[in-house]
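J.: I have a structure I would like to understand better, so I am pasting it below and will then ask my questions one at a time.
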Amino acid sequence: MARKLTTIGFDADDTLWHNERFFRITQDRFADLLRDHADNDHLMDRLLAAERRNIGHYGFGVKGFVLSMIETALEVTENRVPGAVLRELIDAGQEMLQHPIELLPHAQEAVEALADSHRVLLITKGDLIDQERKLAQSGLGDLFDGVEIVTDKRPEVYTRIFADHGDGAARGLMAGNSMKSDVVPMVEAGGWGVYVPHGLIWEMEKAPAPDHAPKYEALDHLGLLPALVERIEQG
């Protein structure tokens, strides 16, 4: 009898290692630099609006974030932002791109356990060079049968990836901390979408949970994923 699951996909940022907290630290630094020009809430609203506008131009990741901060700084100061502030924002972005990787609890154990019995994939979006750096530093690279760094995560992207690396999305599972990117589109592609929440979530990654979908699950932490996979296989 054919196995119900043959291929397991893992998101990277804030699923396997910390990421969003470094963006929050930099946002706080940004707010402090611009405190004489805009209050925090207004500034964050303007920054988020800039990020939404710029996703199509810059994609996801640190570089687009820094450019959106610079654009917002120019807007709120009516193009009078001091050069020293722009230099600090560029420096902050470079620091983010060099920050050491810190694995989240249970990440290594979960990937190792499932790599023994299934094909495992890393499926992440963002800047190619930065994501490759983080994967190399994570120590997890050799465990994955395939790595896909994509510009966005849509149902058709999961359909292609799980067809290329596995036996199709219907026999695949995607685990991640983003309802919008990791869970909903995988469920729509016909596979299992498993939500593993992280304490911090970017506003643009929020979406309603597909609570009534038969292939949706939520776990408290990644360490519970191998047992869930076993239950799916036996169910």
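J.: Residue check: is F30 surrounded by 21 or more Cβ atoms within 10 Å (Cβ to Cβ), within 19 Å of the chain's Cα centre (by Cα) and part of a helix (DSSP H, G or I)?
T.: no
J.: Sticking with this structure for a sec: I'd like the full set of residues that are outside any strand (DSSP E or B), modelled with pLDDT of 95 or more and either surrounded by fewer than 19 Cβ atoms within 10 Å (Cβ to Cβ) or within 15 Å of the chain's Cα centre (by Cα) (or both), limited to the stretch 118-127. Working first, answer last.
T.: Filtering the stretch 118-127 down to residues outside any strand (DSSP E or B) leaves 118, 126-127.
From what is left, the residues that are modelled with pLDDT of 95 or more are 118.
If the condition is that a residue be outside any strand (DSSP E or B), modelled with pLDDT of 95 or more and either surrounded by fewer than 19 Cβ atoms within 10 Å (Cβ to Cβ) or within 15 Å of the chain's Cα centre (by Cα) (or both), then no residue fits.
J.: How many of the residues making up the stretch 77-88 are of a type in the set (D, E) and part of a loop (DSSP other than H, G, I, E, B)?
T.: Matching residues across the stretch 77-88 total 1.
J.: May I pose another question? Kindly indicate whether any position in the stretch 158-169 is in contact (Cβ under 8 Å) with a residue 60 or more places away in the chain and of a type in the set (G, A, S).
T.: Yes, there is a match, as at least one residue in the stretch 158-169 is in contact (Cβ under 8 Å) with a residue 60 or more places away in the chain and of a type in the set (G, A, S).
J.: Open to solvent by 20 Å² or more (accessible area, probe 1.4 Å), within 25 Å of I25 (Cα to Cα) and either of a type outside the set (S, T, N, Q) or part of a helix (DSSP H, G or I) (or both) - does that describe any residue in the stretch 105-117?
T.: The answer is yes; a qualifying residue exists.
J.: Of the residues D91, D130, which single one is open to solvent by less than 30 Å² (accessible area, probe 1.4 Å), more than 20 Å from G223 (Cα to Cα), among the charged types (D, E, K, R) and in a helix (DSSP H, G or I)?
T.: So the residue among D91, D130 that is open to solvent by less than 30 Å² (accessible area, probe 1.4 Å), more than 20 Å from G223 (Cα to Cα), among the charged types (D, E, K, R) and in a helix (DSSP H, G or I) is D130.
J.: Could you tell me whether any residue of the stretch 172-186 is more than 17 Å from the chain's Cα centre (by Cα) and either more than 20 Å from V111 (Cα to Cα) or surrounded by fewer than 23 Cβ atoms within 10 Å (Cβ to Cβ) (or both)?
T.: no
J.: Right, next: Determine the pairs where a residue that is touching a residue at least 12 places away in the same chain (Cβ under 8 Å), located within the stretch 84-109, has a partner that is open to solvent by 60 Å² or more (accessible area, probe 1.4 Å) and not basic (K, R) with Cβ atoms under 6 Å apart, the partner being 6 or more residues away or on another chain.
T.: The qualifying pairs are I101/Q137; H106/H221.
J.: Further question on the same structure: Considering only residues that are over 24 Å from L224 (Cβ atoms) and either of a type in the set (A, V, I, L, M, F, W, C) or part of a strand (DSSP E or B) (or both), which ones fall in the stretch 149-198?
T.: Passing the criteria: I149, V150, V157, A163.
Residues are listed down the side, and each one gets a yes or a no for (1) among the acidic types (D, E); (2) within 28 Å of I25 (Cβ to Cβ); (3) in contact with a Phe, Trp or Tyr (Cβ under 7 Å, 6 or more places away or on another chain); (4) modelled with pLDDT under 95:
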{"position": "A189", "(1), (2), (3), (4)": "no, no, yes, no"}
{"position": "G193", "(1), (2), (3), (4)": "no, no, yes, no"}
{"position": "H198", "(1), (2), (3), (4)": "no, yes, no, yes"}
{"position": "E203", "(1), (2), (3), (4)": "yes, yes, no, yes"}
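The values are calculated or read from the model by the stated rules, or taken from the named source; none is laboratory data. Since the structure is predicted, the reported quantities are computational estimates derived from the model, not experimental observations. Glycine gets a Cβ as well: all are built from the backbone with ideal geometry, and neighbour counts include every protein chain shown. For accessibility, only protein heavy atoms count, side chains too; no ligands or nucleic acids. Shrake-Rupley method; radii C 1.70, N 1.55, O 1.52, S 1.80 Å.
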